[in-house]
Every structure is written in structure tokens, then in C-alpha cells.
Amino acid sequence: MTKVTYKIVQHDGGWAYRVDDVFSETFPTHDDALAAARIAAAEQQVGGEPEEISWQDSTGKWHVEHSDGGDRPEAEVVDDATGAASR
């Protein structure tokens with residue numbers, strides 16, 4: 001199973017959450033960023049309806065895949081300020 005980690009970090013004069021090298025918007029407080037990361041992590045794990053997905057790769061080729069809507073990653077929030085992790 002895929003795992004997605006949302007890390008709480010200082011960013012651009014405030015606080016943000018980061019997934020890999022991508023930052024969220026900047027929040028004024030640590031608690032605001034932590035709350036937003038927890039919401040995003042919870043939503044990441046919610047399944048959806050089966051559907052066809054179309055996407056374009058880096059060479060410009062289009063692909064079509066079927067998604068059953070239930071294959072969701074495990075998500076956790078890691079607070080770099082405290083070192084704590086939560087799911």
C-alpha cells in the first residue's frame with residue numbers, strides 16, 4: 001500500500017504542510033497548518049466511486065485506466081516541530 005506523509009514545516013514566513021517537495025499554502029500559525037494537514041490526510045484516505053481516469057504522461061501520450069475507487073493510500077501527519085506522527 002502506498003503511504004503519503006504530510007509534514008508540518010516552517011515555510012515562507014509562516015507554517016505549511018509538505019508532501020514530498022510540494023508545499024501547501026502558508027498558514028499564519030503552526031496549529032492552523034497542523035489542522036489543515038490532518039484534514040487533507042483524512043480526505044486522502046476516502047474512497048470514491050469506480051471510474052475511468054485519463055492522464056497524459058511526460059511524452060504527451062494519453063492513457064486511460066480504470067479506478068475501482070477504493071485503492072487509497074495510507075496517510076499520516078508528521079509534525080517536524082514536535083517530531084510526533086499521527087494518522
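Can you confirm whether segment 15-22 contains a residue that is in contact with a strand residue (DSSP E or B) (Cβ under 7 Å, 6 or more places away or on another chain) and of a type in the set (Gly, Ala, Ser)? Checked against the condition, which is being in contact with a strand residue (DSSP E or B) (Cβ under 7 Å, 6 or more places away or on another chain) and of a type in the set (Gly, Ala, Ser), segment 15-22 yields at least one hit. Based on what the data block shows, is residue 38 surrounded by 12 or more Cβ atoms within 10 Å (Cβ to Cβ) and in contact (Cβ under 8 Å) with a residue 40 or more places away in the chain? Judged against the criteria, residue 38 is a match. Restricting the first member to segment 1-29 and to residues that are under 14 Å from residue 78 (Cβ atoms), and the second to residues that are open to solvent by 100 Å² or more (accessible area, probe 1.4 Å), the beta-carbon pairs closer than 7 Å and six or more apart or on different chains are 16/25. Put simply, of 16, 35 the only residue that is out of contact with any helix residue (DSSP H, G or I) (no Cβ under 6 Å at 6 or more places or on another chain) and small (Gly, Ala, Ser) is 35. Within segment 20-29, the set of residues being within 10 Å of the chain's Cα centre (by Cα) and open to solvent by less than 70 Å² (accessible area, probe 1.4 Å) comprises 24 only. Of all the criteria given as (1) loosely packed, with under 11 Cβ neighbours inside 10 Å; (2) more than 15 Å from the chain's Cα centre (by Cα), the one not satisfied by residue 32 is (1).
Within the set 48, 83, 69, the sole residue that is in contact with an Asp or Glu (Cβ under 6 Å, 6 or more places away or on another chain), modelled with pLDDT under 90 and either open to solvent by less than 40 Å² (accessible area, probe 1.4 Å) or not aliphatic (A, V, I, L, M) (or both) turns out to be 69.
The values are calculated or read from the model by the stated rules, or taken from the named source; none is laboratory data. What you see is a predicted model; the values in this text were computed from it and never measured. Every residue, glycine as well, gets a Cβ built from its backbone with ideal geometry; the counts of neighbours run over all protein chains shown. With ligands, DNA and RNA removed, areas are computed over all heavy atoms of the protein, side chains included. Shrake-Rupley method; radii C 1.70, N 1.55, O 1.52, S 1.80 Å.
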